[in-house]
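The values are calculated or read from the model by the stated rules, or taken from the named source; none is laboratory data. This one's a predicted model, so the numbers in the text were calculated from it and none came from an experiment. Here the Cβ is made from the backbone with ideal geometry for all residues, glycine too, and neighbour counts use every protein chain on show.
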Amino acid sequence: MNTQIESAFALAKQRYGELGVDVSEAIVAMQQIPVSMHCWQGDDVVGFEQGAGALSGGIQATGNYPGKAVNAAQLRQDLEVAMHLIPGAKRLNLHAIYLETEQAIARDKIQPEHFQGWVKWAQQQQIGLDFNPTCFSHPNSGDGFTLAHQDDHIRQFWIDHCKACRHISAYFGQALGRASVMNIWVPDGMKDLPVDRLAPRRRLMESLDEVISEKLDERYHMDAVESKLFGVGLESYTAGSNEFYLGYAASRDIMLCLDAGHFHPTEVISDKISSASLYVRQLLLHVSRPVRWDSDHVVLLDEETQAIAHEIVRNQLLDRVHIGLDFFDASINRVAAWVIGTRNMKKALLKALLEPTEQLRQMEQSQDYTSRLALMEEGKSLPWQAVWDYACALEDVPVGSHWLANVKQYEQQVLALRG
């Protein structure tokens, strides 16, 4: 290991030790927290269905950077490059449209066999898989409704799709020996003001009840539901609101997914984690970065990302909160986007683990708010970067921005040749 990295780490260890923080324990804890990387950053949410159509459902991927993956082999290759540049445990989050078939398969007919390639790859990489039904970009979602559709036939199609996805998720869990989190998000809503807000929500509730009616072993599969404020073309009404899904998750004893981009611009999910944890056993987070709307920008090491990590660590929720990423930027190198966003989430977790939380808690309990504020602010200047660099070096992961050279080389040798 580089002697400069070791020397900086020794000084950081001493500084944190003066505050009662064991940096070695923090590194080990960070390494063990899995972050679920989202496959759809690698191909702009297109998927590998035969005859796939345009992206729809109130979401957009903008940009046309060269080198987009166009099949599963390319996507897995890109993911491997990214994962080797990120320290600590990782998972992969798949959408149903990333199946591998030689002929067209209706979404309500997909089977575990269509994802065998992903399971074999995950076994080789020693990672877990998570899953999502794809209730968008399909003729049966063209009018903005799926599980809340008033047409019985179309609604049943999506119910059957979600049921099939649950079995695929359970297959992931059984094959990989770790539970797969399956998150249900539907775009259902209207562009302009509806007269009846209740009926679609009742249909959505009844559809979800049918979807999760079969009891599956939580050792292999866990259900989650995700709210949203609005989407492009669905600006005025969304059936699956925050209130709807918080109530649904709590009353059905399933996971609630909080997406950082699915609320009003002045709302943050970091402030919702502790409240939601009182009513649901487990939470799923989709860490993203909205810019004025749910625009899914690459995750930064900004105040909200750090606040999310602090809430998880401070409240001892590491065993109850599952962290996933959700962004897709087609204007920059897609592999670099994965690396930047995932490393930032890992950095935020390490910084939270390095906080002298117990000291701060004691100050708060004794109402010494002056000391609390002073220590919290001084903590921002502590040498966490030296600990991060050391943690990367321990796993033979590039330190600092040196990872970028790997991505640039991969772009020249592989991505640029894809046309």
Residue in region 43-61 that is at negative phi, hydrophobic (A, V, I, L, M, F, W, C), more than 20 Å from the chain's Cα centre (by Cα) and exposed (fewer than 13 other Cβ atoms within 10 Å of the Cβ) present: yes
GLN123 being exposed (fewer than 14 other Cβ atoms within 10 Å of the Cβ) and either on the phi < 0 side of the Ramachandran plot or out of contact with any Gly (no Cβ under 8 Å at 6 or more places or on another chain) (or both): yes
Count of region 178-225 residues which are part of a helix (DSSP H, G or I), under 24 Å from the mean Cα position of the chain (by Cα) and in contact (Cβ under 8 Å) with a residue 60 or more places away in the chain: 2
Members of region 298-312 that are surrounded by 23 or more Cβ atoms within 10 Å (Cβ to Cβ) and either β-branched (Val, Ile, Thr) or not in a helix (DSSP H, G or I) (or both): VAL299, THR305, ILE308, ILE312
Residue in region 319-327 that is in contact with a helix residue (DSSP H, G or I) (Cβ under 6 Å, 6 or more places away or on another chain), in contact (Cβ under 8 Å) with a residue 24 or more places away in the chain and over 23 Å from ARG76 (Cα atoms) present: yes
Options VAL81, VAL28, VAL70, VAL35; residue that is of a type outside the set (Phe, Trp, Tyr) and in contact with a Leu (Cβ under 9 Å, 6 or more places away or on another chain): VAL35
Unique match (being out of contact with any helix residue (DSSP H, G or I) (no Cβ under 6 Å at 6 or more places or on another chain), over 24 Å from GLY261 (Cα atoms), modelled with pLDDT of 95 or more and assigned to a loop (DSSP other than H, G, I, E, B)) among GLN150, GLN77: GLN150
Boolean, LEU354 is crowded, with 18+ Cβ neighbours inside 10 Å, in contact with a Gly (Cβ under 7 Å, 6 or more places away or on another chain) and either in contact (Cβ under 8 Å) with a residue 40 or more places away in the chain or under 30 Å from GLN74 (Cβ atoms) (or both): no
Only one of ILE340, ILE332 that is in a helix (DSSP H, G or I), of a type in the set (A, V, I, L, M, F, W, C), farther than 23 Å from GLN282 by Cβ and out of contact with any helix residue (DSSP H, G or I) (no Cβ under 8 Å at 6 or more places or on another chain): ILE340
Subset tally (residues that are hydrophobic (A, V, I, L, M, F, W, C) and exposed (fewer than 14 other Cβ atoms within 10 Å of the Cβ)) for region 241-292: 2
Members of region 80-102 found to be closer than 23 Å to PRO112 by Cα, β-branched (Val, Ile, Thr) and not in a helix (DSSP H, G or I), listed by number: THR101
Selection count, region 255-299, where residues are in contact with a helix residue (DSSP H, G or I) (Cβ under 8 Å, 6 or more places away or on another chain), among the β-branched types (Val, Ile, Thr) and farther than 19 Å from MET345 by Cβ: 1
Among (1) under 26 Å from LEU354 (Cβ atoms); (2) touching a residue at least 40 places away in the same chain (Cβ under 8 Å), the one test that SER275 misses: (2)
Answer residue from region 271-299, given it is of a type in the set (Ser, Thr, Tyr) and within 24 Å of HIS95 (Cα to Cα) and is modelled with the highest pLDDT among those: SER288
Residue within region 131-143 that is under 23 Å from the mean Cα position of the chain (by Cα), more than 19 Å from ASP44 (Cα to Cα) and assigned to a helix (DSSP H, G or I) present: no
Those helices (runs of 4 or more DSSP H) lying entirely in region 361-419 with at least 2 residues in contact (Cβ under 8 Å) with a residue 12 or more places away in the chain, among the hydrophobic types (A, V, I, L, M, F, W, C) and within 30 Å of ASN64 (Cβ to Cβ): 403-413
Qualifying residue in region 98-106 (condition: at pLDDT 95 or above, under 27 Å from ARG289 (Cβ atoms), buried (at least 19 other Cβ atoms within 10 Å of the Cβ) and in contact with a Ser or Thr (Cβ under 8 Å, 6 or more places away or on another chain)): no
